[in-house]
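Data first, discussion second: the structure below is written as structure tokens.
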Amino acid sequence: MTYTSPRHPQLFYTTAPLPCPYLPGRMERKVVTEIGGAEAVAFHNRLSRAGFRRSHTIAYAPVCASCTACTPIRVPVERFTPSRTQTRIRRRNAGLHTTTVPPHATPEQYALFSAYQSIRHVGGDMASMTFPDYRAMIEDTTVETFMIEFRNTEGRLACVALVDKLDDGLSAVYDFYDPEQQHNSLGTFAVLHLIEHARLLGLPYLYLGYWINESRKMAYKARFRPAQIMTRGMWHDLDLTTYNNQQVHESAFLPNGMFRPA
């Protein structure tokens, strides 16, 4: 007789409350779990569809006691239509050359990353990251991950995107760019490129993480229209007028059978 050991249960943990990095005066808590083992890719796919995000080998979602401002958002790529502003941004950066590379950290990337943090996120946790910290952020992954480098005509690195490939889309994990080129809207251009990249791969969605309508740094994600958000565990098209009038805020949904702390 062949004995098959029972499947180990997936454990989820809740972090202690910490000050919210996006909304002053509020506290955040997260539910976290490890992405590992033989089922890592399939598990990551399920979690992503349920509104989780990946950092290193950990998946997380907000479970704040009195706030549900963090709303999972994604772009249905076949229906996406760039705005006039986005069309101009795409045209302005048409000279950039893009290369898809493995998730391996380089000193060149880190120099750009550090410059970006020093201007765009002064005082943030990531501003003090060393090269080993950066390398861990890029290379600690148990799923299919790649990077896209954007270079100008002289070969200078202008922007970098860290991306996970899912079975139903791409997930924009993180991007950073040359802060001296803020006027070129390279962050927006990176998202536009990822939408087109997902379309070329035949993948239906680009996952953009969490949209926070009240945060200037996170509200931009709703500019890629149409967009879909997750509220009450369901993905649906974002209607900003309805959203604002009804003040619909729903935190990331946990799949059936998972414990959600109070």
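The values are calculated or read from the model by the stated rules, or taken from the named source; none is laboratory data. What you are looking at is a predicted structure, and each value in this text was computed from that prediction instead of being measured. Note that we place each Cβ from the backbone using ideal geometry, even for glycine, and neighbour counts take in every protein chain shown. Side chains included, ligands, DNA and RNA excluded: accessible areas come from the protein's heavy atoms. Shrake-Rupley method; radii C 1.70, N 1.55, O 1.52, S 1.80 Å.
Looking at the range 112-121 only, could you name the residues that are surrounded by 14 or more Cβ atoms within 10 Å (Cβ to Cβ) and more than 18 Å from the chain's Cα centre (by Cα)? Passing the criteria: 112, 114, 115. Every residue in the range 221-233 that is out of contact with any strand residue (DSSP E or B) (no Cβ under 7 Å at 6 or more places or on another chain) and modelled with pLDDT of 95 or more, please. Once the filter is applied, which keeps residues that are out of contact with any strand residue (DSSP E or B) (no Cβ under 7 Å at 6 or more places or on another chain) and modelled with pLDDT of 95 or more, the range 221-233 yields 223, 225. If I ask for residues that are open to solvent by less than 60 Å² (accessible area, probe 1.4 Å) and assigned to a helix (DSSP H, G or I), which ones from the range 191-225 would you list? Matches in the range 191-225: 191, 192, 193, 194, 195, 197, 198, 219, 221, 222. Residues that are under 13 Å from the mean Cα position of the chain (by Cα) and without any contact (Cβ under 8 Å) to a residue 40 or more places away in the chain were ranked within the range 173-190; the one that is surrounded by the fewest Cβ atoms within 10 Å (Cβ to Cβ) is 174. Tell me which residues, restricted to the range 122-172, are within 24 Å of residue 76 (Cβ to Cβ) and open to solvent by 50 Å² or more (accessible area, probe 1.4 Å). Result: 144, 165, 167. Can you find a residue that is part of a loop (DSSP other than H, G, I, E, B), among the aliphatic types (A, V, I, L, M) and closer than 29 Å to residue 224 by Cβ anywhere in the range 70-92? No, because not a single residue in the range 70-92 is part of a loop (DSSP other than H, G, I, E, B), among the aliphatic types (A, V, I, L, M) and closer than 29 Å to residue 224 by Cβ.
Evaluate the range 43-52: report whether one residue or more is in contact (Cβ under 8 Å) with a residue 60 or more places away in the chain and either in a strand (DSSP E or B) or of a type in the set (S, T, N, Q) (or both). For the range 43-52, residues in contact (Cβ under 8 Å) with a residue 60 or more places away in the chain and either in a strand (DSSP E or B) or of a type in the set (S, T, N, Q) (or both): present. The set of residues from the range 22-80 being surrounded by fewer than 16 Cβ atoms within 10 Å (Cβ to Cβ) and at positive phi comprises 25, 37, 56. Every test in (1) open to solvent by less than 40 Å² (accessible area, probe 1.4 Å); (2) outside any loop (DSSP other than H, G, I, E, B) is passed by residue 103 save one, and that test is (2).
Annotation note: Cβ proximity below 8 Å between a residue of the range 76-105 that is β-branched (Val, Ile, Thr) and a residue that is surrounded by 14 or more Cβ atoms within 10 Å (Cβ to Cβ) and part of a loop (DSSP other than H, G, I, E, B) (sequence gap 6+ or interchain) occurs for 77/203; 77/204; 81/225; 89/185.
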